[in-house]
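Peer 1: Below: one structure in structure tokens.
The values are calculated or read from the model by the stated rules, or taken from the named source; none is laboratory data. Please read these numbers as outputs of a predicted model, since none were measured by experiment. As a convention, Cβ positions derive from the backbone with ideal geometry for all residues, glycine included, and neighbour counts pool all protein chains shown. Quick note on the areas: whole protein, heavy atoms, side chains included, nothing else; ligands and nucleic acids left out. Shrake-Rupley method; radii C 1.70, N 1.55, O 1.52, S 1.80 Å.
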Amino acid sequence: MNNLILFMGFGLSLVLVVATFVVWLSKDLLVAILGSAVVSLVASIFFLILQAPDVAITEAAIGAGLTTGILLYAMKKAGRYEDD
Amino acid sequence: MVSPILVIALSLFFAFVIPLLGMVSKKLPRLVPPLAMLVNLWILITNIKFVSRGAMLVTTAGLKPPIAINLAIDRFSLLFVILIQLIGLLLSVYYLSQDNRDQRFYMLFLLNILGASGIVMTGDIFNSFVFLEILEISSFGLVASKKDRKALEGGFKYMVIGAIGSSLYLLGIIVLYLTTGSLNMAEIAKLMPHIPESIKLFAALLLLAGIGVEVELFPLNAWAPDAYHGAKDEISTQLSSIISKAGIYLAARIFFTIFNGFYALKIIFYLGVITFVIAELAALMQKNVKRMLAYSSIGQMGLLMLILSLVAKRGDVFVITTVILLALNHAFGKGLLFLSLGALSGGNGEYEIENLGGNGRANPLAGFLFTVGALSIVGMPFFFGFWSKISALISLMKTNVIYLIALVLVISLVEIYYYGNVIVNLFRGEGKKYGISIVPAAVMILFALFVIVFGIWPHPVFQIAQSAAVSLIERTTYISSIIGGM
Amino acid sequence: MIRKIIAFLVVFYFGYILYSFIAVNFPFGERPLKGVAAHYVDKGIEEEGATNIVTSIVTLYRGFDTLGEVTVLFLAATGLGLLLAGMKEEEKEKPEPTLIMETTTRYLFPLVLLFGTYIFIHGHLTPGGGFPAGVVIATGYFMMFIAQKQFKPSEYLLSATESFAGTLYVIMGLLGLALAFSFLANVMPLGVPNTVFSAGIIPVIYIIIGFKVGSEMTGILAHLKEA
Amino acid sequence: MNGGLLFYGSSVFLMVMGIFIAITGKHLIKILLGIDLFDVGLNLLIISFGYVNGGTAPIFSKYPHIFKNVVDPVPQALVLTAIVIGVAEMAMGLAIVMKIKEKFGTCNIAKLKELKW
């Protein structure tokens with residue numbers, strides 16, 4: 001693992017931290033769900049860096065794609081804002 | 001000889017086939033679970049004579065362990081899997097009388113039993129995680145399937161705690177894999193002396209977090225009263241009689257066979273004592289009978305776990321036998337209590353003591369069965385519970401924790417008080433009469449018969465439990481029969 | 001507020017313990033392959049014929065786990081259907097999909113299905129396999145749910161595919177039991193590694209998984225959409 | 001600057017934040033999102049355990065030429081299983097949440113008082 005990739009990785013980890021805080025602090029669930037999708041996406045890039053392409057594909061398809069989809073459907077039913 | 005892996009394969013096959021049958025006729029899916037359990041029991045019973053000393057090895061993928069996953073069945077696991085399938089059979093017969101269920105309910109039920117059996121039969125630690133997840137996810141569904149407020153809340157709590165617990169369990173498995181390079185239970189057990197103490201402790205605690213959810217140990221049992229309270233009566237029976245039994249098996253297998261009676265068991269001991277005392281006192285406070293039964297169930301599990309942890313001090317066959325007897329008593333006695341409570345309350349969810357007043361006199365059969373279950377749980381003579389409680393006291397005496405004997409006796413008095421209170425209430429005053437159809441009544445009578453017959457004549461159960469206990473204690477035989485050479 | 005701060009401190013303290021424990025005991029990237037992993041890497045291709053070692057672990061060496069995993073998904077689809085059955089549908093104003101969306105998805109949909117098929121057929125050669133393939137197919141249906149107003153897959157067909165694929169998986173396992181005395185054994189010829197028709201039962205199992213996961217996930221999405 | 005800090009650090013951070021959100025979340029979906037973050041962190045941690053310095057992915061697509069220095073394939077197979085199980089759990093949880101919304105009219109745990117929390 002060379003330094004360039006590591007440098008990129010640290011950059012991505014900043015995205016990860018920001019996205020996690022968005023999930024935590026956002027009162028709007030739509031934003032929180034998209035934050036968790038971003039976390040899954042960054043994780044899937046990390047899997048690729050860690051030489052696990054199978055896991056990366058699966059995480060991108062399931063974690064970032066499908067989970068977001070079912071969460072959005074559920075949110076439509078359960079209400080968009082945290083306070084109600 | 002019929003391969004025991006068919007127990008899992010055929011259950012899965014039956015579960016997958018239910019939707020296809022449901023397209024043919026609405027009545028067919030109901031018949032599938034009893035059929036599956038009968039076939040499974042037949043397979044297991046034909047295998048009894050092949051399981052002698054050590055464990056029976058069943059490979060998958062045509063490769064020997066530790067390369068591929070294998071099942072490892074010794075007498076201890078055989079006893080538990082037969083118990084699980086037997087109670088599953090009784091419950092599925094119970095469901096035969098109710099014809100308004102969604103076919104998907106039967107699928108969940110079948111997969112729930114499958115998960116419990118898989119946990120008991122597998123010889124691979126990651127495989128046990130997969131089966132644990134099957135067990136948990138189907139339990140959330142079963143608990144929430146009543147679809148009223150209490151059931152949904154109970155199901156959600158169970159889900160949150162179960163999800164976190166099983167993730168920690170997975171982390172524990174990975175830690176063991178990283179240090180030993182294997183996922184096979186026997187191989188890990190063989191390499192256990194080479195693992196550094198700190199890693200051992202870390203892995204044991206993580207695994208305990210996953211198992212603790214199932215066996216309802218103190219900080220992890222917040223879901224239990226709500227889930228028991230919210231679920232239907234049959235599902236509460238299933239939670240107490242099947243799911244917690246699979247948890248006990250897993251605890252025994254991991255902390256004896258793999259960790260070889262590791263000192264982390266000290267933690268289980270203290271958690272068990274805390275669970276036992278707090279839950280029984282909480283049961284005393286309850287006005288709601290079902291919640292009371294739930295707390296009493298947690299208390300029993302606490303007692304069981306604390307006695308299980310005592311074996312760490314001395315590899316004592318008698319103590320394990322006690323654990324098995326307690327588990328059997330809990331499975332049949334508590335199952336009977338939940339089922340007969342359902343019959344007493346007419347299935348309309350009124351479990352408050354005052355609402356039930358006189359219902360025992362109005363429904364004499366259900367009242368009688370409830371009394372039988374309660375007497376067995378508190379440990380009255382001539383009931384099976386008596387023998388398990390006596391052996392619990394002897395175990396405590398043998399392992400030099402005398403002060404706990406006083407505690408167990410005091411708590412027994414507490415139990416007698418709160419169960420007595422409910423029973424007296426049941427037979428006082430005018431109650432509401434609910435009809436009970438023949439099939440549920442027959443199932444409850446079978447539960448009661450176990451408790452009464454083996455209460456009067458406990459010898460055969462003692463012998464079976466003892467031979468199962470011996471096979472758990474003989475750890476080296478287990479290991480060498482799976483991967484050879486110790 | 002105080003509760004939140006305490007929870008924050010406790011959780012971060014445990015996180016710190018976890019981090020320092022793993023950083024000391026399992027230094028990053030320095031653990032040599034040992035035990036079963038070394039065996040899989042050395043002998044994997046000879047024994048099972050798949051050049052993607054992860055695939056041969058998932059479908060054969062630990063195939064029993066994968067059967068359990070498929071069961072978990074089946075369980076989720078079933079449980080979701082059980083819980084959401086008979087939920088009353090609220091009449092809401094649904095936004096009309098635009099013409100562009102409708103047209104693009106109509107042409108994109110077959111391509112997505114084709115891509116999913118490609119992934120599960122080449123599971124033993126390239127990264128991917130049955131699970132992501134099934135999910136890609138389900139995503140294609142998801143796209144159609146969003147963009148086409150009238151689109152509705154037949155529940156009958158979905159449930160039949162799901163059951164049929166599951167049954168077939170178990171039968172593949174039983175075939176191994178019958179022919180090689182071991183559940184899910186690789187009973188078909190291994191062929192030449194690195195070609196499509198190789199690796200014995202691996203492609204067959206991945207095709208089954210692809211169909212099963214695809215129909216289950218589509219079923220989950222359809223249930224959630226209707227609820 | 002090393003890989004251990006990056007990957008172990010990010011995964012432990014995700015796990016910690018996930019548990020924290022699950023404990024303190026006010027909305028049921030927020031709690032599920034917390035569990036999801038925890039699972040992603042755990043999966044990342046497991047894959048990082050399997051990394052070998054300078055290793056390549058365990059796919060020998062240039063067969064019969066084989067690189068001997070590959071990363072550990074077993075954690076990858078286990079994580080594949082764990083991801084699928086995670087989504088199954090999430091789907092089940094969401095079904096319960098939707099029913100709760102229908103019965104209680106709210107998903108805010110402060111307002112769910114049928115049983116004591």
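Peer 1: Could you please put B:91, B:205 in sequence from largest to smallest accessible area, using a 1.4 Å probe? Let's see the in-between values first.
Peer 2: Values: B:91 0, B:205 80 Å².
I get B:205, B:91, largest accessible area first.
Peer 1: What is the distance in Å between the Cα centroid of segment B:114-132 and that of segment B:375-445?
Peer 2: Value for the Cα centre distance between the two parts: 32 Å.
Peer 1: Give me the angle, in degrees from 0 to 90, between the Cα long axis of helix B:103-121 and the longest principal axis of the Cα atoms of chain B, rounded to the nearest 10.
Peer 2: Tilt of helix B:103-121: around 40 degrees.
Peer 1: Tell me, what does the Kirkwood hydrodynamic radius of segment B:5-483 come to in angstroms if you use every pair of distinct C-alpha atoms? The partial results should precede the final answer.
Peer 2: Values: mean 1/r = 0.0448 Å⁻¹.
Answer for segment B:5-483: a Kirkwood hydrodynamic radius of 22.3 Å.
Peer 1: Would you please state which residues of segment D:1-18 a label at residue B:205 would reach in this model, taking the label point 7 Å out along Cα→Cβ and a backbone N cut-off of under 16 Å?
Peer 2: Zone members listed by number: D:16.
Peer 1: Excluding same-chain residues fewer than 8 positions from residue A:27, which lysines have a Cα within less than 20 Å of its Cα?
Peer 2: By straight Cα distance, residue A:27 reaches A:76, A:77, C:4, D:26, D:30, D:101, D:111.
Peer 1: Please pull out the direction-averaged projected area of segment B:101-208, using the convex hull of its alpha-carbon atoms, in nm² to one decimal place.
Peer 2: 7.2 nm²
Peer 1: How would you classify chain A from its alpha-carbon gyration tensor, with a ≥ b ≥ c the square roots of the eigenvalues: rounded for a/c under 1.5, else prolate if a/b is greater than b/c, otherwise oblate? Intermediate values should be presented prior to the final figure.
Peer 2: Working: a/c = 5.66, a/b = 1.76, b/c = 3.22.
Oblate is the answer for chain A, as a/c is 1.5 or above yet b/c matches or exceeds a/b.
Peer 1: Rounded to the nearest 0.05, what FRET efficiency is calculated for residue C:118 and residue D:2 with R0 set to 45 Å and r the Cβ-Cβ distance?
Peer 2: According to the calculation, E is roughly 0.75.
Peer 1: Given bins 10 angstrom wide, list per bin the percent of all Cα-Cα distances in chain C, short to long.
Peer 2: The distribution over chain C is 7, 24, 24, 21, 18, 6, 0, given as percents.
Peer 1: Send over the per residue convex hull volume for segment B:447-486, Cα only, as a whole number of Å³.
Peer 2: Values: hull volume 2.6 nm³, N = 40.
Per residue, the Cα convex hull of segment B:447-486 comes to 66 Å³.
Peer 1: In square angstrom, rounded to the nearest 10, how much accessible surface does residue B:50 have for a 1.4 Å probe?
Peer 2: About 90 Å², rounded to the nearest 10.
Peer 1: Rounded to whole Hz and in sequence order, give me ³J(HN,Hα) for segment B:193-206 from the Karplus expression 6.51 cos²θ - 1.76 cosθ + 1.60, θ = phi - 60°, writing x for Gly and Pro.
Peer 2: x, 8, 7, x, 4, 5, 5, 4, 4, 4, 5, 4, 5, 5
Peer 1: Among all stretches of chain C without exposed GluC sites (Glu not before Pro) (DSSP loop, at most 16 other Cβ atoms within 10 Å), which one is longest?
Peer 2: C:94-227
Peer 1: Still on this structure, please answer the following. Calculate the dipole size of the protein assembly as shown relative to its Cα centre from +1 charges on Lys and Arg beta carbons and -1 charges on Asp and Glu beta carbons; express the result in debye to the nearest 20. Can you show the working numbers first?
Peer 2: Working: 61 positive and 52 negative charges, 271 e Å.
So the dipole magnitude of the protein assembly as shown works out to roughly 1300 debye.
Peer 1: A follow-up question, please. Can you give me the orientation-averaged projected area of the convex hull built on the Cα atoms of segment B:21-93, in nm²?
Peer 2: Numbers: hull surface 26.5 nm².
Mean orientational projected area (segment B:21-93, Cα hull): 6.6 nm².
Peer 1: Might you report the magnitude of the Cβ-based charge dipole of chain B about its Cα centre, with Lys and Arg at +1 and Asp and Glu at -1, to the nearest 20 debye? Numbers along the way, then the final one.
Peer 2: Values: 33 positive and 23 negative charges, 82 e Å.
In total the dipole reaches around 400 debye.
Peer 1: Follow-up question, since we're still on this one. What percentages, rounded to whole numbers, describe P(r) for segment B:365-416 computed over all alpha carbon pairs with 10 Å bin width beginning at zero?
Peer 2: With a bin width of 10 Å, the distribution comes to 26, 46, 21, 6, 1.
Peer 1: Can you find, among D:33, D:3, D:98, the residue farthest towards the positive end of the dipole of segment D:3-111? Put +1 on the C-beta of Lys and Arg, -1 on that of Asp and Glu.
Peer 2: So the residue we want is D:98.
Peer 1: Hey, can you find the accessible area per residue of segment B:417-486 for me, probe 1.4 Å, expressed in square angstrom?
Peer 2: Values: 3610 Å² over 70 residues.
Averaged over the residues of segment B:417-486, the accessible area is 52 Å².
Peer 1: Okay, moving on. Summing +1 for each Lys or Arg and -1 for each Asp or Glu, what net charge is found among the other residues whose Cβ lies under 13 Å from the Cβ of residue A:37?
Peer 2: Within the 13 Å Cβ shell, the charges total -2.
Peer 1: Which values, in whole Å and largest first, are the semi-axes of the equivalent ellipsoid of segment C:1-126 obtained as the square root of 5 times each eigenvalue of the Cα gyration tensor?
Peer 2: Details: eigenvalues 301, 220, 66 Å².
Each semi-axis is √(5λ); the values are 39, 33, 18 Å.
Peer 1: If you rank C:126, C:218 by how much accessible surface each has, with a 1.4 Å probe, what is the order from largest down?
Peer 2: C:126, C:218
Peer 1: Quick one: ranking A:83, D:72 by accessible area, 1.4 Å probe, largest first, what do you get?
Peer 2: Numbers: A:83 105, D:72 0 Å².
Sorted descending by solvent-accessible area, the residues read A:83, D:72.
Peer 1: Could you work out the mean count of beta carbons from other protein chains within 10 Å of each residue's beta carbon in B:151-162? Could you put the intermediate results ahead of the total?
Peer 2: On the way: counts 4, 14, 11, 3, 8, 10, 3, 1, 9, 9, 1, 1.
Partner-chain Cβ atoms within 10 Å, mean over residues of B:151-162: 6.
Peer 1: For chain D, set up a GNM with springs between Cα atoms under 10 Å and report which of D:99, D:62, D:30 has the largest fluctuation.
Peer 2: Among D:99, D:62, D:30, the largest GNM mean-square fluctuation belongs to D:62.
Peer 1: Can you work out D for chain D in µm² s⁻¹ from Stokes-Einstein, where Rh is the Kirkwood radius over C-alpha pairs, the temperature is 20 °C and the viscosity is 1.002 mPa s? Kindly include the intermediate steps, with their values, before the conclusion.
Peer 2: Numbers: Rh = 16.7 Å.
Estimated diffusion coefficient is 128 µm²/s.
Peer 1: Write down the Å³ per residue value for the convex hull defined by the alpha carbon atoms of the protein assembly as shown. Before the final figure, lay out the partial values.
Peer 2: Numbers: hull volume 141.1 nm³, N = 914.
About 154 Å³ per residue, rounded to a whole number.
Peer 1: If one computes the Cα centroid of segment C:122-196 and of segment A:32-65, what distance in Å separates the two points?
Peer 2: Segment C:122-196 and segment A:32-65 have Cα centres spaced 22 Å from each other.
Peer 1: Then there's this: About the Cα centre, and with charges only on the beta carbon of Lys, Arg (+1) and Asp, Glu (-1), how big is the dipole of segment C:71-227? Nearest 20 debye, please.
Peer 2: 260 debye
Peer 1: D for segment C:110-220, whole µm²/s, Stokes-Einstein with Kirkwood Rh over alpha-carbon pairs at 20 °C and 1.002 mPa s: what number? Walk me through the intermediate numbers first.
Peer 2: On the way: Rh = 14.8 Å.
After rounding, the answer is 144 µm²/s.
Peer 1: For segment B:372-419, which chymotrypsin sites (Phe, Trp or Tyr not before Pro) pass both filters: DSSP loop (anything but H, G, I, E, B) and at most 16 other C-beta atoms within 10 Å? Walk me through the numbers on the way to the answer.
Peer 2: Working: sites: B:382, B:383, B:384, B:386, B:387, B:403, B:417, B:418, B:419; in loops: B:382, B:383.
Passing both the DSSP loop test and the Cβ count: B:382.
Peer 1: For the Cα atoms of chain B, what angle does the longest principal axis make with the long axis of helix B:5-24, in degrees from 0 to 90, nearest 10?
Peer 2: 50 degrees
Peer 1: Quick check: pseudo-label points 7 Å beyond the Cα along Cα→Cβ at residue B:52 and residue B:270, how many nm apart are they?
Peer 2: Going from the residue B:52 label point to the residue B:270 one covers 4.6 nm.
Peer 1: Right, something else. Could you work out which residue, out of C:21, C:109, C:74, moves most in a Gaussian network model of chain C, that is, has the largest mean-square fluctuation with Cα springs under 10 Å?
Peer 2: C:21
Peer 1: For helix B:28-47, report the angle its Cα long axis makes with the longest principal axis of the Cα atoms of chain B; keep it between 0 and 90° and round to the nearest 10°.
Peer 2: 50 degrees
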